[in-house]
């Protein structure tokens, strides 16, 4: 190669070209992979929404029929996963301690859940959301749980995580209230052995509104999903930056080489000049 392009044969430019040839496909691959992760999360979110909608329809139909025939035994659906979350289940026991879950919205109205622990025959307690009431959380507003042995029917839900799916991460709640419905939140508040799950009744108890089942954790368009989208942009921007810097450096050295040939600058000053020319 002759003329102003001889600098491309120098070891320095061989290294630059190899780096560019490897870096750009790698960045494009990583960007495409992150985009695929984002699309997978979007698809999972849509599938979870459809699943929850279908389960809520089945739940409403079962509530109207007044029958628990379609509900599966609780133990057969544990541990809760993406497949069993939202499934109609039944459990038998006696209601015990009652707590309130403040700052929960239903039909765009602010209110609170009434949660009561159901002590089952296994000796463990199951958190049961008996319904929703509007306004600020108040123990005086919450109706007492039925006495004696009861069989409850509702949608199985996984333990909530503070800060996800609209669950408040705020602490310092008054006694008798909790922010997230989970065994981790309840373990220090009650002496019972707890199921790592909870159910929301298919029909609100004592005139309260039933709380619809929600999508399983990690199936929404959460922070992780948008991090994937952000990383996608970063990788593609980096690929473009590498290409931009290559063209900028190429043009700069081409101009140096051309000026050196015209005698406008000493050839020794040409960046990347061959070692033989610098002696």
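Okay, here's what the table says:
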| read-out | value |
| --- | --- |
| Which numbered condition residue 167 misses (of (1) crowded, with 17+ Cβ neighbours inside 10 Å; (2) modelled with pLDDT of 90 or more) | (2) |
| Residue pairs meeting the criteria (Cβ under 7 Å; at least 6 apart or on separate chains; first outside the structural domain of residue 129 (by TED's automatic domain parsing) and farther than 21 Å from residue 153 by Cα, in the stretch 179-208; second crowded, with 21+ Cβ neighbours inside 10 Å and at pLDDT 90 or above) | none |
| Residue satisfying condition, being within 36 Å of the chain's Cα centre (by Cα), in the same structural domain as residue 26 (by TED's automatic domain parsing) and either part of a loop (DSSP other than H, G, I, E, B) or modelled with pLDDT of 90 or more (or both), within set 246, 235 | 235 |
| Residues (modelled with pLDDT of 65 or more and outside any helix (DSSP H, G or I)) located in the stretch 24-74 | 70, 71, 72, 73 |
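Conditions (1) assigned to a strand (DSSP E or B); (2) modelled with pLDDT under 95; (3) under 12 Å from residue 197 (Cβ atoms), marked per residue:
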site: 76; (1), (2), (3): no, yes, no
site: 79; (1), (2), (3): no, yes, yes
site: 84; (1), (2), (3): no, yes, yes
site: 117; (1), (2), (3): yes, no, no
site: 122; (1), (2), (3): no, yes, no
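The values are calculated or read from the model by the stated rules, or taken from the named source; none is laboratory data. This structure is a prediction, so every number in the text was calculated from the model and none was measured. All Cβ positions, even for glycine, are placed from backbone atoms using ideal geometry, and neighbour counts span all protein chains on display.
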